[in-house]
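No lab work stands behind these numbers, since they all come straight from the coordinates. Not measured: the values here are computed from a predicted model. Cβ placement follows ideal geometry from the backbone for every residue including glycine, while neighbour counts extend to all protein chains displayed.
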Amino acid sequence: MVQIRAMTKNDLAAVSRLLGQSWRRTYSPIMGEENAARLSDERHAPDRLAEEIKNDNKMSFVAEQADGSIAGYAMAEMDEKGDVMLDRLHIQPEAFGSGLAVDLLHAVLAAHAGIPSIALEVIEGNDRAIAFYRKHGFEVVERRPAAHGVGGHASLIMRRLLPRA
């Protein structure tokens with residue numbers, strides 16, 4: 001049994017490990033091992049994640065397994081205009097195809113009920129994620145060239161319109 005819940009400071013080390021493993025596995029073939037590791041280490045250090053969970057504009061969720069381990073993580077951020085960006089959604093490889101990623105996505109969507117849409121940025125070449133987001137109603141609305149993409153790589157901005165409350 002997996003429980004989706006808000007992330008706490010007790011989850012920092014586990015989420016940092018999950019993100020590091022996920023980034024290296026996903027992005028090393030796209031941007032090289034060294035670049036993927038460097039970017040992940042910068043963005044996913046426990047102290048940086050600790051700052052994020054203190055930020056009222058960011059909502060972080062974990063998927064906790066019955067044994068207390070963390071099998072997935074998602075984080076979305078609302079900007080000053082009220083636009084929401086799904087910044088992260090990562091799961092353990094063992095959970096691929098289990099519905100866990102969908103459960104985390106639904107937690108993010110439910111937490112932002114009433115907003116008109118949610119967007120995300122995904123690096124070109126991350127075909128698994130692009131297919132997942134398309135399957136769940138996201139459409140490409142912009143292509144960012146490498147100079148403006150994540151880690152100097154071209155990326156796509158995808159958006160999903162949400163039903164009005």
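From zero up to wherever the largest Cα-Cα distance of the chain sits, split into 10 Å bins and tell me the percent of pairs in each.
Reading the bins upward from 0: 10, 39, 41, 10, 0.
What net charge do the residues around LEU19 carry, taking every other residue with its C-beta under 12 Å from that of LEU19, with Lys and Arg at +1 and Asp and Glu at -1?
Charge balance in the 12 Å sphere: +1.
Taking only C-alpha pairs under 8 Å that are 6+ residues apart, what is the relative contact order of region 2-161 in percent?
19 percent
Gap in Å between the Cα centre of region 79-147 and the Cα centre of region 22-57?
Using only Cα atoms, the two centres lie 16 Å from each other.
Excluding residues fewer than 8 places away in the same chain, name every one of the lysines whose C-alpha is closer than 20 Å to that of LYS9.
LYS54, LYS58
Around LYS54, what is the net charge, scoring Lys/Arg as +1 and Asp/Glu as -1 over all other residues with Cβ under 12 Å from its Cβ?
Overall, the nearby charge balance is -1.
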